[in-house]
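The values are calculated or read from the model by the stated rules, or taken from the named source; none is laboratory data. Small disclaimer: the values here were computed from a predicted structure and weren't measured. Neighbour counts run over all protein chains shown; Cβ positions are idealised from the backbone, glycine included. Heavy atoms of the whole protein, side chains included, go into the accessibility calculation; ligands, DNA and RNA do not. Shrake-Rupley method; radii C 1.70, N 1.55, O 1.52, S 1.80 Å.
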Amino acid sequence: MQNLTVLAARLRDAARITVLTGAGVSAASGVPTFRGENGLWRKVRAETLATAEAFENDPTLVWEWYDWRRGMIRGAQPNAAHHALAAWTRARPGVTVITQNVDGLHERAGTERLVRLHGSIWRLQCWSRCAGAPSSWENLATPLGTLPPRCPHCGGLARPAVVWFGESLDAADVRAATDACVCDVFLTVGTSAIVHPAASLVHYARRNHALTAEINLEPTPASAAVDIAIQGKAEEILGALLPT
């Protein structure tokens with residue numbers, strides 16, 4: 001309780017606050033985490049499906065998995081954690097949310113100043129990056145219908161607009177996330193903090209003299225690196241911790 005009181009007081013007084021979220025934020029919405037007890041990666045090997053090589057070898061199989069995930073996520077609703085963060089961004093212009101999630105629940109909750117490090121499962125890209133296609137486009141259809149979907153501009157294959165294993169993050173998103181680490185409080189919520197460059201952000205924030213804190217169900221590799229580590233459910237803690 002003392003940690004919660006200290007963190008709440010620092011959050012109230014902070015001008016710039018950055019929140020890094022991971023899959024644990026969406027767990028209460030019924031979206032399985034990837035590395036938890038019932039995580040998707042325990043049932044499907046990530047390297048089998050979430051790589052450019054897998055898509056090149058069998059785009060239909062990869063899209064069948066993503067189409068299933070889209071259908072599962074489509075039935076989910078933003079939970080209290082999403083709504084608390086969204087309300088906070090609307091009420092306080094100094095709040096930025098960086099997410100590793102691709103599920104779109106932050107967006108559906110109305111979060112402002114959102115940096116999506118790993119893209120969105122609701123957006124597609126032309127696999128060949130044809131000249132006529134934008135960098136990505138929204139497609140909310142569930143199910144998608146014909147698999148694999150096609151680029152409406154060149155007729156070639158379309159891929160999910162997410163960052164796969166072995167791919168680089170968008171430079172603009174990395175820059176926005178890094179800039180947001182110059183803050184008064186840096187809070188990680190529902191993330192194991194083991195995937196770079198997201199894992200390095202808390203250390204960068206600390207070097208910039210931010211108070212660093214973590215909310216997670218269990219200890220993570222980041223727990224020893226933050227000033228305050230709080231164990232509990234994000235959907236229960238954030239509403240009380242983040243008054244508007």
Take every DSSP beta bridge whose two residues both sit in the stretch 124-236, then give the antiparallel share in percent to the nearest 5.
35 percent
What nm value, rounded to one decimal, do you get for the distance between residue 60 and residue 206 when each label is placed 7 Å out toward the C-beta?
5.0 nm
Ignoring ligands, DNA and RNA, how do 123, 70 rank by accessible area with a 1.4 Å probe, largest first?
123, 70
Percent antiparallel among DSSP beta bridges confined to the chain, nearest 5, equals 25 percent
Given a 1.4 angstrom probe, I'd like the percentage of the accessible area of the chain that is carbon and sulfur, rounded to a whole number.
50 percent
For the chain, accessible area per residue (1.4 Å probe, heavy atoms of protein chains only), Å²
47 Å²
Rounded, prolate or oblate (a/c below 1.5 giving rounded, otherwise prolate when a/b exceeds b/c) for the stretch 105-160 by Cα gyration tensor
oblate
Kindly report, to the nearest 10 Å², the accessible surface of residue 184 as traced by a 1.4 Å probe over protein heavy atoms only.
60 Å²
Would you calculate a helix-derived [θ] at 222 nm for the chain, using -39,500 (n - 2.57) for each DSSP H run of n ≥ 4 and dividing by the full residue count, to the nearest 500?
-9500 deg cm²/dmol
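What percent do you get for the relative contact order of the stretch 197-244 when only Cα pairs under 8 Å and 6+ apart count? Walk me through the numbers before you get to the answer.
Numbers: 42 pairs, mean separation 14.5, N = 48.
Contact order relative to length: 30 percent.
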What ranking of 241, 217, 61 comes out by heavy-atom accessible area, probe 1.4 Å, highest first?
217, 61, 241
Provide, in order from the shortest bin, the percent of all Cα-Cα pairs of the chain in each 5 Å bin, continuing until the bin that contains the maximum pair distance.
1, 6, 14, 18, 19, 16, 11, 8, 5, 2, 1, 0
State, to one decimal in nm, how far the label point of residue 72 lies from the label point of residue 153, with both points 7 Å from Cα in the Cβ direction.
3.1 nm
Helix 2-13 axis, angle to the chain major axis (alpha carbon atoms, nearest 10°)
80 degrees
